[in-house]
Amino acid sequence: MLLLLAIIYLAFISLGLPDSLLGSSWPIMSGDLNSNLEFAGVIAIVVSAGTVVSSLLSSRVTHHFGTGKVVAVSVLMTAIALYGFSYADNVWLLVLLAVPLGLGAGAVDAALNNFVALNYKAKHMNYLHSFWGVGATAGPLIMAMYLSQQQGWREGYTTISYIQFALVAVLLLALPLWKKAASEALRAGGEPQALISNSTALKIKGVKLQLLTFFCYCSLEAGTGLWAASYLITEKGVSASVAAFWTAMYFLGITLGRFFCGFIAERVAEDKLIRVGVITIFVGVVLLLAPISPLVSKLGLILIGLGCAPIYPNTIHLTPVRFGKQASQAIIGLSMACAYVGTTLMPPLIGVIAGSISFIALPIALSIFSGVMLFSTERLKQWPQTNLLQHAEVPAK
C-alpha cells in the first residue's frame, strides 16, 4: 500500500499542475491567438463545468470501473487536452479542449479523495493536499521557463502534457496495485458496497451541511487568491510587486499548513483541527480588515492561508466516518461539485461587488464565508459518527 500511496501523491501533483497554467500563460497566449484578456474567463468556466459534471458522476463511474482505471483515464484526458492546448491556433479550440480537461480533473479529485479517506490515515490526506499545492506551484514555474521565448507557452503546455503522459504510463502499470487494494478491502469489509445515488446521499442527515462547508470554503480560498493583491493595492496602498509576494505567501501558508497538519494529525482530533482552522481564518480576516498598518493585513493574509490548510482535507477524511463507507464516494463527489461551483461563481461576484463599491467587499465576504463555515462545521460535529444511511432509503443493488 505504500507504493500505491506514492503513486497517489504523484497523481495529486499532476492534478495541481494545470490549475494555475491558464492564469500565468494567458497574457501572452491571448496576444498570439488574437483574443482579449477577458476570454480566459470563458475557458475557466468550461473547465469548471466539466469538473462539476464529472464530480457528480464520480460515484457511478468509480463503482463500475474502479478507482485505478478512473484515475488513469482521467489523467490521460488531461494530458491530451494540455497537448492540444500547445497546438491550438484559435480560442474556440481551447474552449473545446477545456471540456476533457475539466472532466478529467474532477474525476481524479473525487476518486482519489474517497480512496484515501477509506484506506489511509488523516495525516496522508493532509499530505496529499499539500502535494496538490506542489503541483499548483510547479506548473507556473515550468511555464515561466518558456514564456520568454517566442510563443514559448506552447512549449510550456507540451512539457507539462509530457509529464502527464508519463504519469499515465505509471498509473497503467500500477493497475494491479489498485486491484490488490480493492481485494484486501473486500476481504476486510465483507460484501461489496452497493451503489449509492446522489439523490440518496442528499437525504442523509448532515450531508447538506458538508456541502455548504465546501461551497463556502472554496469560495473563500479562491476569492482570497484572486483578489488579495487587488485589496492590498487599493485599500492598503502597497505596490503591485509587494501585493503579489504576499499573495504567494497566502498560498504557501496553505501548503505548509497542510504539511504541518499531516505531522500532528495523529495527535490532534480532525474536528479540532477544522475548528482551529476556521477560527484562524476569522482572526486573519479581522487583521486583513483592520484600519492599521499594512503589515498587519499582510500577516492576516498568511493566517487565512494557514487556517485554510486543515479544513478541506480533514472534512474529506471524516466523510466515511460520519456518513459510512458505503455513501462516502457519492458524498465526496457531491462535495467536490459544490466546491467547484463555489470556486467558479463567488470570486467573480466578489469582483463585481468590489468594482461597484470598493475592495472592502473582500474581507466582508470572507468574514461571511468563515462565519457560515464555523456554523456548519460545528453542527457536523454533533452528528453521531456512524453510518447514517439509516436516515435514507437505500436502493437495492
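The values are calculated or read from the model by the stated rules, or taken from the named source; none is laboratory data. Computed from a predicted structure; not experimentally measured. All Cβ positions, glycine included, derive from the backbone under ideal geometry; neighbour counts span all protein chains shown. Just so you know, the surface numbers come from the protein's heavy atoms only, side chains and all, with ligands and any DNA or RNA stripped out. Shrake-Rupley method; radii C 1.70, N 1.55, O 1.52, S 1.80 Å.
Restricting the stretch 150-167 to residues that are touching a helix residue (DSSP H, G or I) at 6+ places or on another chain (Cβ under 7 Å) and modelled with pLDDT under 85, the residue that is surrounded by the fewest Cβ atoms within 10 Å (Cβ to Cβ) is Q151.
Picking from residues in the stretch 1-29 that are open to solvent by less than 50 Å² (accessible area, probe 1.4 Å) and free of Cβ contacts under 8 Å to residues at least 60 places away in the same chain, the one that is farthest from V168 (Cα to Cα) is W26. With respect to (1) touching a Phe, Trp or Tyr at 6+ places or on another chain (Cβ under 7 Å); (2) under 28 Å from S55 (Cα atoms); (3) among the hydrophobic types (A, V, I, L, M, F, W, C), the lone exception for L318 is condition (1).
Residue by residue, here is whether (1) part of a helix (DSSP H, G or I); (2) among the polar types (S, T, N, Q); (3) crowded, with 24+ Cβ neighbours inside 10 Å holds:
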| residue | (1), (2), (3) |
| --- | --- |
| N314 | yes, yes, yes |
| I332 | yes, no, yes |
| L349 | yes, no, no |
| G371 | yes, no, no |
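Only residues that are loosely packed, with under 15 Cβ neighbours inside 10 Å, in contact with a Ser or Thr (Cβ under 9 Å, 6 or more places away or on another chain) and assigned to a helix (DSSP H, G or I) were counted in the stretch 287-300, giving 0. Taking first residues from the stretch 328-348 that are among the small types (G, A, S) and partners that are outside any helix (DSSP H, G or I) and surrounded by 24 or more Cβ atoms within 10 Å (Cβ to Cβ), the Cβ contacts under 7 Å between residues at least 6 apart in sequence or on separate chains come to A330/I196. In summary, G253 fulfils each of the numbered conditions (1) surrounded by 17 or more Cβ atoms within 10 Å (Cβ to Cβ); (2) in contact (Cβ under 8 Å) with a residue 60 or more places away in the chain; (3) out of contact with any Ser or Thr (no Cβ under 8 Å at 6 or more places or on another chain); (4) more than 19 Å from M373 (Cα to Cα) with the single exception of condition (2). Within the stretch 222-239, not a single residue is open to solvent by less than 10 Å² (accessible area, probe 1.4 Å) and either free of Cβ contacts under 8 Å to residues at least 24 places away in the same chain or not in a helix (DSSP H, G or I) (or both).
Checking each residue of the stretch 83-99 against the condition of being in a helix (DSSP H, G or I) and under 18 Å from the mean Cα position of the chain (by Cα) gives at least one match.
Among the candidates L306, L220, L232, the residue that is more than 16 Å from W132 (Cα to Cα) and at pLDDT 90 or above is uniquely L220.
E221 fulfils the conditions (1) closer than 20 Å to I360 by Cα; (2) in contact with a Ser or Thr (Cβ under 7 Å, 6 or more places away or on another chain); (3) charged (D, E, K, R) except for a single criterion, (2).
Criterion first (small (G, A, S) and farther than 24 Å from A111 by Cβ) does A269 satisfy it? Yes; evaluated as a whole, the condition is true for this residue.
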